[in-house]
Amino acid sequence: MSGPKSRRPTLVADKRTTPKKSSRKPSKPRKSRAKRPSRNPIVWLFRSVTRLVWGIGWRVGALTAMAIAGAVLFYTATLPPVTALLDGRSRGSVTLLDRDGRIYAWRGEQFGGQITAETVSPHLKNAVLATEDKRFYRHFGVSPRGIASAVRINLREGRGPLSGHGGSTITQQTAKLLCLGAKYDAASGMSETEFEADCRRTTLARKIKEAVYAMAMEVRYSKDEILTIYLNRAYLGAGARGFEAAAQRYFGISANELLPAESAMLAGLLVAPTRYAPTANLQRSRDRANLILGLMETQGYLSPEETAFAKANPAVLSPAAEARAGGYYADWVMDQGPAFLTEDTTEDVVVRTTFDQSIQTAAEEALQFVFDTKVKPGSEAQAAIVVMSADGAVRGMVGGRKFRGVAGQFNRAIQAKRQTGSAFKPFVYAAALDLGYSPNTTVRDEPTCWDVPGSGEWCPENYDDKFHGTVTLTEAFYRSLNIPAVKVFDRVGREAVANIATDFGIESDLAVGPALALGTSESTLLEMTAAYAGILNGGSSVEPYGLIELKLKGEDQPLLEQEGGIGERVITEPAARQLVYMMSQVIERGTSTRAKLPDGRPAAGKSGTTQAARDAWFIGFTADYVAGVWIGYDDNTPLTGVTGGGLPAEIWRETMVRIHETLPVRELPMTVPDRVASEPQSTRSQRRRSSDQTVERVILNVLNEIFGR
């Protein structure tokens, strides 16, 4: 039993309270250090390298940027005003004018005058931009996109990354044209051509320097100023520096007047001036121009209609550029003046000459016509032609076949010394006539021998292997008989003949053996033609000349002048007039009837064929002009079936027919003999006069050497 104290207490639930929310986030259970995963070494290495590269890279980049900025500022400070960079030639130009004052050739480096990007034809400006740098006005001198594209193209085409396409902007190209600020120094031992080639070498170091220099130009100059420098300094072939010179050279107009077709053609020269020069291959140049016209249309510079019109009406060359006349002549006349005003001039010089473009064309066409119609195809025989007036003024010159307008070739008209053959005989008969012989004086054509010291007996023969008995000097001359010529030569005095030939301008050493009468001496075509001009003008020597006046461009007062080439008298005028008659018979009934001119135009001349037919000549004249023709091989190979009265006479005739088309017929200055002389003068009298004449000439020559002519 239990008592009241043992009664159970009443069950009462515990009082519950809601715990307060804590603002503290429950802490994450701390991981056991023993269970922490290890660090990834690759990730750690990558992060370390990245931090290192970044740390070095931004410092190097900053230093590089500072270096580039410094170099740019340095070059910027050294750049001169734009006007000082427009004409960068170290040599001047020579502009050659013909007898009528028309331009026919250029030599040296031509600069047509300063042009600007603002004043030049907008078509030319657009053509250059479309071709060379369509983003020119948007880049800072260097185009990374253009460089990347160029490298990709070079690699795709199997070249090195810097070989071929360069990706250069117009600014970079201008930097090259300026040789990165370096100036040509003749004392360096390099020629100007070598210096320019060195400036254009493509190496990584040079490309970097070029880029820096280009950025400096962008800082120093405006875009239009950079383009102005480029337009004035770019080389465009044929010695033309700048687009103004090129426009004048190829089209005869200013660069301000260029139309789209002409502009595209000039812009096409930038990639390869020699290959695309219109004077070298007009069709190739036009094809290149059409490509550029397409670029101009694509880039919005031309409408489709304008492009179609330009392609349908391609650019045409100026008459002077199209003719490309007088290449040989221009080279020759450049030697007529002092070198410091011609070949080596640092000034722009204008030379007026005796050159006649119509006569030059006539000679070229005549030569081509005869070789096309009378010579076996593929013949390598060469030919030369000289045409001059009686006072020595050279009007035209062809120095060889397959040559037009290109300077510096071998000129057979003035450089080739060849045996003259019977073309020398006029000097033999000139000596006889000057001593009083008549064209009707007779001489025996019969077997005759001469004793030549050191060579033994020499017995010449006639070309036809016959002997013709007693003949007049005229007949002996127009039939080109050898034995009578040697007899006359021996009778009048060998020294007298040699002196007359020398006084007429034959400068070669004349050995006075009997064979000299038959032209064993050597001479040039120019010398021989000038000597015949002396016969035409009445017996006075002439000095061939081409330069009439030389002056600096823009000046009125000439520095040099030439009025004529007639020198001292060599034979009397009556003797010269008689000789002209004898020479006229060569064409009328002698060895050179193929040279006879139509319309009854009187002409006179003499052919010449050397031993084994290695050289064939014909030189003759009308009352207006003298012309000489030579044919032969450069290596002295004998001609086949050719004599002076054949192909050379035909070329001479074709030349003279073309020259005289618009000229009236004029009589030759000659005297026709009245009768045949009953007897020749006595041998003793002839020898005495010959001796006196020789002594007189020797004395005159000595006095000329002492006191000058």
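Listed conditions (1) part of a helix (DSSP H, G or I); (2) of a type in the set (A, V, I, L, M); (3) farther than 24 Å from Ala413 by Cβ are all met by Ala320, apart from (3).
When Lys402 is tested against (1) assigned by TED's automatic domain parsing to the domain that holds Ser523; (2) more than 17 Å from Trp617 (Cα to Cα), exactly one condition is not met: (1). All of Val53, Val94 fail the test of being in contact with a Gly (Cβ under 6 Å, 6 or more places away or on another chain) and modelled with pLDDT of 75 or more, apart from Val94. Ile535 satisfies every condition listed in (1) in contact with a Leu (Cβ under 7 Å, 6 or more places away or on another chain); (2) surrounded by fewer than 24 Cβ atoms within 10 Å (Cβ to Cβ) except (2).
Here is a yes/no grid of residues against (1) surrounded by fewer than 24 Cβ atoms within 10 Å (Cβ to Cβ); (2) over 17 Å from Gln173 (Cβ atoms); (3) at pLDDT below 90:
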{"residue": "Ile208", "(1), (2), (3)": "yes, no, yes"}
{"residue": "Asn256", "(1), (2), (3)": "yes, yes, no"}
{"residue": "Ala267", "(1), (2), (3)": "no, no, no"}
{"residue": "Ser285", "(1), (2), (3)": "no, yes, no"}
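Checking each residue in segment 452-482 for being outside any loop (DSSP other than H, G, I, E, B), surrounded by fewer than 21 Cβ atoms within 10 Å (Cβ to Cβ) and among the aromatic types (Phe, Trp, Tyr) picks out only Trp458.
Here Glu262, Glu218 are screened, and the one residue that is assigned to a helix (DSSP H, G or I), within 25 Å of Gly70 (Cβ to Cβ) and over 20 Å from the mean Cα position of the chain (by Cα) is Glu218.
Name, by its number, the condition in (1) closer than 22 Å to Leu124 by Cα; (2) buried (at least 19 other Cβ atoms within 10 Å of the Cβ) that does not hold for Glu306. That leaves (2) as the condition not met. Which numbered condition in (1) surrounded by fewer than 18 Cβ atoms within 10 Å (Cβ to Cβ); (2) among the β-branched types (Val, Ile, Thr); (3) more than 30 Å from Thr279 (Cβ to Cβ) is the only one that Thr119 fails? Failed condition: (3). Based on what the data block shows, is Val629 surrounded by 17 or more Cβ atoms within 10 Å (Cβ to Cβ) and in a strand (DSSP E or B)? Spelling it out, Val629 is indeed surrounded by 17 or more Cβ atoms within 10 Å (Cβ to Cβ) and in a strand (DSSP E or B).
Please determine whether any residue of segment 74-84 is touching a helix residue (DSSP H, G or I) at 6+ places or on another chain (Cβ under 6 Å), surrounded by 13 or more Cβ atoms within 10 Å (Cβ to Cβ) and at pLDDT 85 or above. Yes, some residue in segment 74-84 is touching a helix residue (DSSP H, G or I) at 6+ places or on another chain (Cβ under 6 Å), surrounded by 13 or more Cβ atoms within 10 Å (Cβ to Cβ) and at pLDDT 85 or above.
Restricting Pro558, Pro544 to residues that are in contact with an Asp or Glu (Cβ under 9 Å, 6 or more places away or on another chain) and without any contact (Cβ under 8 Å) to a residue 12 or more places away in the chain narrows the list to Pro558.
Before we move on, is Thr307 over 22 Å from Tyr276 (Cα atoms) and touching a helix residue (DSSP H, G or I) at 6+ places or on another chain (Cβ under 9 Å)? Criteria not met by Thr307.
In segment 614-637, the residues that are closer than 12 Å to Met528 by Cα form Cβ pairs under 6 Å with partners that are among the β-branched types (Val, Ile, Thr) and not in a strand (DSSP E or B), at six or more places apart or across chains, as follows: Ile619/Thr529; Val626/Thr529; Ala627/Thr655; Gly628/Thr529; Val629/Ile651.
Test Val570 against the stated conditions and say whether it is buried (at least 24 other Cβ atoms within 10 Å of the Cβ), over 34 Å from the mean Cα position of the chain (by Cα) and more than 23 Å from Thr472 (Cα to Cα). Yes, satisfied. Residues in segment 324-333: is at least one surrounded by 20 or more Cβ atoms within 10 Å (Cβ to Cβ), aliphatic (A, V, I, L, M) and more than 30 Å from Ala267 (Cα to Cα)? Yes, that holds for at least one residue. Checking Glu218 against (1) in contact (Cβ under 8 Å) with a residue 60 or more places away in the chain; (2) under 15 Å from Glu132 (Cβ atoms), only one condition comes out false. Which one? With respect to (1) in contact (Cβ under 8 Å) with a residue 60 or more places away in the chain; (2) under 15 Å from Glu132 (Cβ atoms), Glu218 is out only on (2). Exactly one residue out of Arg288, Arg352 is within 28 Å of Asp87 (Cα to Cα), part of a helix (DSSP H, G or I) and charged (D, E, K, R), and it is Arg288. A single entry from Gly237, Gly189, Gly268, Gly252 fulfils the requirement of being assigned by TED's automatic domain parsing to the domain that holds Tyr301 and touching a Lys or Arg at 6+ places or on another chain (Cβ under 7 Å): Gly268. If only residues of segment 594-620 that are at pLDDT 95 or above and assigned to a helix (DSSP H, G or I) are counted, the one that is nearest to Tyr429 (Cα to Cα) is Ala595.
The set of residues in segment 440-454 that are within 50 Å of the chain's Cα centre (by Cα) and in contact (Cβ under 8 Å) with a residue 24 or more places away in the chain contains only Val452. If the condition is being surrounded by 16 or more Cβ atoms within 10 Å (Cβ to Cβ) and outside any helix (DSSP H, G or I), then segment 169-187 contributes Thr169, Leu178, Tyr184. In the set Ala485, Ala432, only one residue is of a type in the set (Gly, Ala, Ser) and closer than 18 Å to Thr609 by Cα; that residue is Ala485. Out of Lys417, Lys466, one residue alone is free of Cβ contacts under 8 Å to residues at least 24 places away in the same chain and within 30 Å of Trp630 (Cα to Cα). It is Lys466. Under 9 Å between Cβ atoms, which residue pairs at least 6 apart in sequence (or on different chains) link something in segment 171-182 that is in the same structural domain as Asp198 (by TED's automatic domain parsing) and among the small types (Gly, Ala, Ser) with a partner that is surrounded by fewer than 20 Cβ atoms within 10 Å (Cβ to Cβ) and outside any helix (DSSP H, G or I)? Here the result reads Gly181/Leu79, each pair linking segment 171-182 to a residue that is surrounded by fewer than 20 Cβ atoms within 10 Å (Cβ to Cβ) and outside any helix (DSSP H, G or I).
The values are calculated or read from the model by the stated rules, or taken from the named source; none is laboratory data. Keep in mind that this is a model prediction, so the values were computed, not measured. Positions of Cβ are backbone-derived with ideal geometry, glycine not excepted, and every protein chain shown enters the neighbour counts.
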